[in-house]
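The values are calculated or read from the model by the stated rules, or taken from the named source; none is laboratory data. Being a predicted model, the structure only gives us computed values, none of them experimental. Glycine gets a Cβ as well: all are built from the backbone with ideal geometry, and neighbour counts include every protein chain shown.
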Amino acid sequence: MKFLEQLARASAVLAGVILVLITLMTVYSVIGRDFFGKALLGDFELTAVMTGAAIALFLPWCQVKRGNIIVDFFTAKASAATQGLLDRIGALFIAGMLGLCAWRATLGALSAWTSKSGTMMLGFPEWVVYAFIVPGLTLTAVIALAQALRGFGEMQEPELPQ
């Protein structure tokens with residue numbers, strides 16, 4: 001699990017770098033538009049592509065830290081063993097769902113590659129958009145599967161707001 005945690009951490013750092021790049025690109029575009037009358041062409045397309053990648057790359061860290069939504073209204077008074085079992089079942093469902101999403105995104109990338117489709121303004125290859133989200137989805141699915149099979153013993157419990 002430590003190796004998966006390290007991969008998740010690296011994935012989150014990469015997502016943070018992408019967000020910094022989005023910010024710098026947006027600042028450049030706004031300054032260019034306001035002061036020089038020339039914005040960065042297709043900045044919104046690049047922002048959309050990079051934001052999707054960043055979101056997908058943050059998911060593994062969120063799963064490691066058990067930051068996904070937990071609805072414990074009905075199980076708050078259940079035993080720790082029951083809550084643990086339900087958490088593992090939930091992790092299994094997340095693994096299946098994100099595994100399915102990764103598979104479909106891979107097929108979407110292959111389809112976009114074959115059709116050579118691109119974005120409207122820049123003609124940015126759409127397969128790249130899909131390919132950017134596949135690693136994050138796949139890593140999250142693997143982490144969730146490991147949590148479902150091994151439990152959450154090594155990982156930090158989620159901190160609930162007071």
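Can you tell me how many residues in the stretch 1-46 are aliphatic (A, V, I, L, M), in contact with a Phe, Trp or Tyr (Cβ under 8 Å, 6 or more places away or on another chain) and closer than 18 Å to residue 137 by Cα?
First, pick out the residues of the stretch 1-46 that are aliphatic (A, V, I, L, M): 1, 4, 7-8, 10, 12-15, 17-22, 24-25, 27, 30-31, 39-41, 46.
Within this subset, residues satisfying the condition of being in contact with a Phe, Trp or Tyr (Cβ under 8 Å, 6 or more places away or on another chain) are 8, 12, 15, 40, 46.
Okay, now just the ones that are also closer than 18 Å to residue 137 by Cα, so 8, 12, 15.
Selection size over the stretch 1-46: 3.
Considering only residues that are under 14 Å from the mean Cα position of the chain (by Cα), hydroxyl-bearing (Ser, Thr, Tyr) and over 27 Å from residue 150 (Cα atoms), which ones fall in the stretch 1-54?
Passing the criteria: only 51.
Tell me which residues, restricted to the stretch 83-121, are more than 21 Å from the chain's Cα centre (by Cα), among the aliphatic types (A, V, I, L, M) and surrounded by 13 or more Cβ atoms within 10 Å (Cβ to Cβ).
85, 86
When you go through 93, 74, 124 one by one, which is the residue that is more than 30 Å from residue 45 (Cα to Cα) and modelled with pLDDT under 90? Steps first, please.
Working: 93 fails: modelled with pLDDT under 90; 124 fails: more than 30 Å from residue 45 (Cα to Cα).
When all the criteria are applied, what remains is 74.
Which ones in the stretch 47-82 are charged (D, E, K, R) and surrounded by 11 or more Cβ atoms within 10 Å (Cβ to Cβ)? Full working, then the answer.
Just the residues of the stretch 47-82 that are charged (D, E, K, R), to begin with: 65-66, 72, 77.
Hits for the stretch 47-82 are 65, 66, 72.
For residues in the stretch 5-46 being buried (at least 18 other Cβ atoms within 10 Å of the Cβ) and within 30 Å of residue 95 (Cα to Cα), which is modelled with the lowest pLDDT? Lay out the reasoning, then the answer.
Kept after step one, since they are buried (at least 18 other Cβ atoms within 10 Å of the Cβ), are these residues of the stretch 5-46: 8, 11-12, 15, 18, 22, 29, 43, 46.
Those still in the list that are within 30 Å of residue 95 (Cα to Cα) too: 8, 11-12, 15, 18, 22, 46.
Details: 8: 96, 11: 96, 12: 96, 15: 96, 18: 96, 22: 95, 46: 90.
That would be 46.
Tell me the residue from 31, 18 that is touching a helix residue (DSSP H, G or I) at 6+ places or on another chain (Cβ under 8 Å) and not basic (Lys, Arg), please. It would help to see each step written out before you state the result.
On the way: 31 fails: touching a helix residue (DSSP H, G or I) at 6+ places or on another chain (Cβ under 8 Å).
18 is the lone residue from the list that is touching a helix residue (DSSP H, G or I) at 6+ places or on another chain (Cβ under 8 Å) and not basic (Lys, Arg).
Within the bounds of the stretch 109-118, is there any residue that is in contact with a helix residue (DSSP H, G or I) (Cβ under 9 Å, 6 or more places away or on another chain), in a helix (DSSP H, G or I) and under 27 Å from residue 150 (Cα atoms)?
As a first pass, look at the stretch 109-118 and keep what is in contact with a helix residue (DSSP H, G or I) (Cβ under 9 Å, 6 or more places away or on another chain): 109-118.
Those left that are additionally in a helix (DSSP H, G or I): 109-115.
Next cut, under 27 Å from residue 150 (Cα atoms) only: none.
Within the stretch 109-118 (the criterion being in contact with a helix residue (DSSP H, G or I) (Cβ under 9 Å, 6 or more places away or on another chain), in a helix (DSSP H, G or I) and under 27 Å from residue 150 (Cα atoms)), the answer is no, since none of the residues qualifies.
Only one of these conditions is not met by residue 3: (1) free of Cβ contacts under 8 Å to residues at least 24 places away in the same chain; (2) not in a helix (DSSP H, G or I). Which number is it?
Failed condition: (2).
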